[in-house]
1. Do the conditions hold for E67, that is, is it of a type in the set (D, E), closer than 30 Å to V269 by Cβ, modelled with pLDDT of 90 or more and assigned by TED's automatic domain parsing to the domain that holds E363?
2. Going through region 213-228 one residue at a time, which ones are over 16 Å from G251 (Cβ atoms) and of a type in the set (A, V, I, L, M)?
3. Go through A362, A366 for me and flag whichever is of a type in the set (A, V, I, L, M, F, W, C), assigned by TED's automatic domain parsing to the domain that holds V328 and without any contact (Cβ under 8 Å) to a residue 60 or more places away in the chain.
4. Could you tell me how many of the residues in region 232-247 are in contact (Cβ under 8 Å) with a residue 24 or more places away in the chain and more than 12 Å from V211 (Cβ to Cβ)?
5. Somewhere in region 281-301, is a residue in the same structural domain as A93 (by TED's automatic domain parsing), small (G, A, S), surrounded by 23 or more Cβ atoms within 10 Å (Cβ to Cβ) and part of a strand (DSSP E or B)?
6. Those residues that are assigned to a loop (DSSP other than H, G, I, E, B), within 23 Å of the chain's Cα centre (by Cα) and of a type outside the set (V, I, T), I need them from region 53-68; list them, please.
7. Taking the conditions exactly as written (surrounded by fewer than 24 Cβ atoms within 10 Å (Cβ to Cβ), in contact with a helix residue (DSSP H, G or I) (Cβ under 7 Å, 6 or more places away or on another chain) and in the same structural domain as V199 (by TED's automatic domain parsing)), does A161 satisfy them or not?
8. Taking region 240-267 as the search range and keeping residues that are assigned to a helix (DSSP H, G or I) and more than 17 Å from the chain's Cα centre (by Cα), which one is surrounded by the fewest Cβ atoms within 10 Å (Cβ to Cβ)?
Amino acid sequence: MDDEPKSSEPAVDRRVESRVTGHESRAAASLAALASELSELDAGGLRRFRRTLETAQGPRVTVDGREYAAFCSNDYLGLASDPRLVAAAQEGAARYGVGSGASHLVIGHSSAHEALESALARFVRQPRALVFSTGYMANIGIVTALAGRDDAVFADRLNHASLNDAVLLSRAQFKRYPHADVDALERLLARSRARRKLVVTDAVFSMDGDVAPLRAILRLCERYDAWLIVDDAHGFGVLGPQGRGTLFHLGVASERIVYMATLGKAAGVYGAFVAAEPQVVDVILQRARTYIYTTAPPPLLAHATLAALDIVAAEEWRREQLRRLIGVLRAGLRASPWRLPASDTAIQPVIVGDNRKALALAERLAERGLLVPAIRPPTVPAGTARLRITLSAAHAADDVGHLARALCELA
């Protein structure tokens, strides 16, 4: 009989212990590698941090316990906190509930979505519209639905990241042309033997505020049998009669155009839409994975956006005020050493160049109660770090003048 005491603990398998230790060691190494990548971002002045907004969007906000005059929102017409939209959202919640409960193609497509799509199509004078959850998802859905391996997509080098990602996901040939260079675009189109050709471009470029040469691009699309996909996220509601967008601002129309705009900027709510010929929209509905495989946006937001469209169309004074404020800012910075690209839109970038200098300038402005974001690579090309000033019809001229004076003093 064995007189040695028996342990109640099971024997440890040293091989299992060794494997666990090995896994932990590899996990630690992986985490250390990620920490090193973050350190590299710090060293290059490229690490991003969030601020916590404690109030509704507006020209004056409270962030992290302090009040600022904010020049960093895309709420171009000052509608994000408009009491009429708040009331419409409340009415929509009472009528439709909060969540949509399913994707559009299952049972999430409500009468509010249907009414909004009809209203959007009328607003931009297109036969049909389709609502997406975000502009990013809309661009991904449009390009991947219309282009594949045998096709080619021609893109402005300064297009929004969502358009670039869309082309990569489509697996089509990706041809980029220098910013707004229609001659370079024509050379690329002339050489292409792709089955289907798409030209994709921002209408108003989000980091520079300039407008694409859409008339010239459309002529090339007609000459070389290409579709023209226009991302009007920053023109919709701001440009054109009644805020109908950049196409109306430039007097451009064609059955070849596939038009996308967002509803969380000038319209003050949330979401995006695509508008085009019925066959185009139906192909997108059938093939766009970002539409098919996601829950439909809350119908209360569609209901609120219907109210927003009425305000956008009716209140021309908002666009007039925005134009006045653009003039105030540019006049105030005329004598400063900062480089301001040509822009007649709400986006007014101040080019600084160096990443750390842009961050330091943004911090100095924050100390004066002025909130302006420093935008750095990869959002913008290397060496073009900037302050991205965005103006709203809700800003006071005094606040805009204060910003201009502060920038001149800090120069």
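1. Working: of a type in the set (D, E): yes; closer than 30 Å to V269 by Cβ: yes; modelled with pLDDT of 90 or more: yes; assigned by TED's automatic domain parsing to the domain that holds E363: yes.
Taking the combined requirement at face value, the residue satisfies it.
2. Of everything in region 213-228, those that are over 16 Å from G251 (Cβ atoms) and of a type in the set (A, V, I, L, M) turn out to be L220, A226.
3. Details: A366 fails: without any contact (Cβ under 8 Å) to a residue 60 or more places away in the chain.
So the residue among A362, A366 that is of a type in the set (A, V, I, L, M, F, W, C), assigned by TED's automatic domain parsing to the domain that holds V328 and without any contact (Cβ under 8 Å) to a residue 60 or more places away in the chain is A362.
4. Applying the first criterion (in contact (Cβ under 8 Å) with a residue 24 or more places away in the chain) to region 232-247 yields 232-239, 242-247.
Filter again for more than 12 Å from V211 (Cβ to Cβ), leaving 233, 236-237, 242-244.
Residues flagged as in contact (Cβ under 8 Å) with a residue 24 or more places away in the chain and more than 12 Å from V211 (Cβ to Cβ) within region 232-247 amount to 6.
5. Taking every residue of region 281-301 in turn, none turns out to be in the same structural domain as A93 (by TED's automatic domain parsing), small (G, A, S), surrounded by 23 or more Cβ atoms within 10 Å (Cβ to Cβ) and part of a strand (DSSP E or B).
6. The first filter runs over region 53-68 and keeps only residues assigned to a loop (DSSP other than H, G, I, E, B), leaving 54-59, 64-65.
Subsequent filtering for residues that are within 23 Å of the chain's Cα centre (by Cα) retains 54-59.
Those that are assigned to a loop (DSSP other than H, G, I, E, B), within 23 Å of the chain's Cα centre (by Cα) and of a type outside the set (V, I, T): E54, A56, Q57, G58, P59.
7. Values: surrounded by fewer than 24 Cβ atoms within 10 Å (Cβ to Cβ): yes; in contact with a helix residue (DSSP H, G or I) (Cβ under 7 Å, 6 or more places away or on another chain): no; in the same structural domain as V199 (by TED's automatic domain parsing): yes.
For A161, the condition - surrounded by fewer than 24 Cβ atoms within 10 Å (Cβ to Cβ), in contact with a helix residue (DSSP H, G or I) (Cβ under 7 Å, 6 or more places away or on another chain) and in the same structural domain as V199 (by TED's automatic domain parsing) - is not met.
8. Quick first cut of region 240-267, residues assigned to a helix (DSSP H, G or I) only: 241-243, 246-250.
Keeping just the survivors that are more than 17 Å from the chain's Cα centre (by Cα) gives 241-243, 247-250.
On the way: P241: 11, Q242: 15, G243: 26, L247: 26, F248: 19, H249: 21, L250: 18.
Here the answer is P241.
The values are calculated or read from the model by the stated rules, or taken from the named source; none is laboratory data. Only a predicted model underlies this, so the values are computations on that prediction, with no experimental measurement involved. Don't worry about glycine lacking a Cβ; one is built from the backbone with ideal geometry, like all the others, and counts go over all protein chains shown.
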